[in-house]
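Trainee: Following this message is one structure expressed as structure tokens.
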Amino acid sequence: MKVDLIFANNQDISELMTILLLNIFVVFFISKFIYLKFNNKSKKSLNEFFFTYNSAGLITFLLCFLLSNVKLDLGFALGLFAIFAILRFRTETIKVKEMTYFFVVIGVSAINALSNNNASIVELVIANGSIILLLLILEFTIRRSSSE
């Protein structure tokens with residue numbers, strides 16, 4: 001009796017790699033070319049947020065992608081947001097803009113990970129592109145209105 005062990009499904013791995021690379025690119029672009037460019041803080045503070053956004057984006061993506069086939073209920077999702085809320089109040093004060101970028105990164109990563117069977121790569125590129133475009137428009141608007 002021969003037992004075939006399948007260590008990987010090539011289609012799943014290629015899908016994971018494609019969407020993972022898209023997610024890494026989008027999160028990196030948001031944190032490097034939008035957040036770092038438009039925020040005037042100390043270099044140390046900016047680098048801490050840059051590290052946080054990229055690592056949280058990767059972990060959120062992998063957590064959502066790898067658990068997307070597991071049946072989770074609404075309580076789990078609410079518990080995740082409760083943990084973020086508790087962290088928000090238990091850590092040092094973080095400005096609203098930094099927290100907003102943090103939620104954008106988490107949202108982008110969750111969208112990319114959980115849409116693996118429901119959206120094509122083109123739809124994901126359009127969705128991620130619209131988020132990037134909106135952030136750029138908002139940052140240019142804020143910069144223009146603060147300089148006047």
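Values in this text are rule-based calculations from the coordinates and carry no lab data. Being a predicted model, the structure only gives us computed values, none of them experimental. Don't worry about glycine lacking a Cβ; one is built from the backbone with ideal geometry, like all the others, and counts go over all protein chains shown.
Trainee: At a Förster radius of 25 Å, what calculated FRET efficiency corresponds to the Cβ-Cβ distance of Asn118 and Phe29, to the nearest 0.05?
Mentor: Numbers: r = 23 Å, r/R0 = 0.94.
It comes to 0.60.
Trainee: Quote the FRET efficiency, to the nearest 0.05, computed for Leu21 versus Lys95 with a Förster distance R0 of 35 Å and r equal to the Cβ-Cβ distance.
Mentor: Details: r = 31 Å, r/R0 = 0.87.
Computed FRET efficiency for Leu21 and Lys95 comes out at 0.70.
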